[in-house]
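Worksheet for the structure shown next.
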Amino acid sequence: MSDGTGTHAGSAPRGSPPEGISCEEALARVYEYLDGELEPGLHDRIRAHLEVCHRCYPFFDFERMFLEYVRETGRSAPGSEALRERIVSLLADGAG
Amino acid sequence: MAPEDADKRAGFEAEALVHLGALRGLALRLTGGDEARSDDLVQEAVLRAYRAWERYEPGTNCRAWLSRILRNVFINEYRRREARPAPVPYDEAAEAPVFPRLSAGEDPEKSFFGGLVDRAVVEAIEALDEEFRVPLVLSDLEGLSYREVAEALDVPVGTVKSRLHRARRRLQNRLYEYAREMGYVR
């Protein structure tokens, strides 16, 4: 896809997309890239694109922070004393 | 009760029941905030864990072991259910990336994430349609790979990829709306 053009004007030096990947193509793969789910060749090309593309890099960085944030905060749960008591009493009754 | 039963129960309570909160959180996220269903799910998972307690290796990650049991209980139930809701149509406004809308200059990422509260994230996850919520929870909270999510839900990997992409963008947009309502992004 060496003739692809970036979605961000001026993101690719001298008009050719860095590492043969257009910004549009890179952005479409952002989650697969961050999840480590791309085949190694494509992963490396996107990484190389990000090293030189000043428009895509902050976009990817934002998505990375977003995923980390969800991971960190998404688990919290209010405890439930009622549930705990229910389970403890089932165990005591020999429910195992 | 035989003394070995009392020992087993004491050990289980000390090592496993401390993770009840985490299990409940996982169950609530998977069921979309259905408290009664979540508590049943947790109870079923904990009783199964208790019956299998001899197979738990002390010193290994007990929360991960319990979470896996709970996931399996949920997935078995999910796959048994024949009726699936109709696929949610693509919604450009709800699924567009948020980043281009944040104001450039003053570290919009920090101001965006810095203003969010955990409760908002949790509610936004639970409010997602099941089609998006379940893959997102399995991937982002439970750390399953695309292939593992695909196997769990019995769908192709490509389907997982696209649902996860759409799920994350929908979540992002809900949080963006929250941030705007709270007035800390414009």
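The values are calculated or read from the model by the stated rules, or taken from the named source; none is laboratory data. Only a predicted model underlies this, so the values are computations on that prediction, with no experimental measurement involved. Cβ atoms come from the backbone with ideal geometry, glycine included; neighbour counts cover every protein chain shown.
Could you tell me whether B:Phe99 is free of Cβ contacts under 8 Å to residues at least 40 places away in the same chain and out of contact with any Pro (no Cβ under 6 Å at 6 or more places or on another chain)?
Numbers: free of Cβ contacts under 8 Å to residues at least 40 places away in the same chain: yes; out of contact with any Pro (no Cβ under 6 Å at 6 or more places or on another chain): yes.
It is true that B:Phe99 is free of Cβ contacts under 8 Å to residues at least 40 places away in the same chain and out of contact with any Pro (no Cβ under 6 Å at 6 or more places or on another chain).
Being within 10 Å of chain B (Cβ to nearest Cβ), free of Cβ contacts under 8 Å to residues at least 24 places away in the same chain, surrounded by fewer than 17 Cβ atoms within 10 Å (Cβ to Cβ) and not aliphatic (A, V, I, L, M) holds for only one residue in A:Ser80, A:Ser76, and it is A:Ser76. Candidates B:Ala83, B:Ala94, B:Ala120: the one that is under 25 Å from B:Leu28 (Cβ atoms), out of contact with any Gly (no Cβ under 7 Å at 6 or more places or on another chain) and free of Cβ contacts under 8 Å to residues at least 40 places away in the same chain is B:Ala83. Taking first residues from segment A:32-52 that are β-branched (Val, Ile, Thr) and partners that are surrounded by fewer than 17 Cβ atoms within 10 Å (Cβ to Cβ) and part of a helix (DSSP H, G or I), the Cβ contacts under 9 Å between residues at least 6 apart in sequence or on separate chains come to A:Val52/A:Pro13.
Picking from residues in segment B:17-46 that are more than 10 Å from the chain's Cα centre (by Cα) and either among the β-branched types (Val, Ile, Thr) or not in a helix (DSSP H, G or I) (or both), the one that is nearest to B:Glu77 (Cα to Cα) is B:Val42. In segment B:26-54, how many are surrounded by fewer than 22 Cβ atoms within 10 Å (Cβ to Cβ) and either at the interface with chain A (Cβ under 9 Å from one of its Cβ atoms) or among the charged types (D, E, K, R) (or both)? Qualifying residue count, segment B:26-54: 13. Here the helices (runs of 4 or more DSSP H) wholly within segment B:106-186 that include at least 3 residues being closer than 23 Å to B:Leu70 by Cα are B:118-127, B:130-136, B:146-153, B:157-182. Of the helices (runs of 4 or more DSSP H) lying entirely inside chain A, those containing at least 3 residues that are at pLDDT below 95 and either among the β-branched types (Val, Ile, Thr) or under 13 Å from the mean Cα position of the chain (by Cα) (or both) are A:56-73. Return yes when B:Leu141 is more than 20 Å from the chain's Cα centre (by Cα), within 9 Å of chain A (Cβ to nearest Cβ) and at pLDDT 95 or above and no when it is not. Considered against the rule, which asks whether it is more than 20 Å from the chain's Cα centre (by Cα), within 9 Å of chain A (Cβ to nearest Cβ) and at pLDDT 95 or above, B:Leu141 comes out as no.
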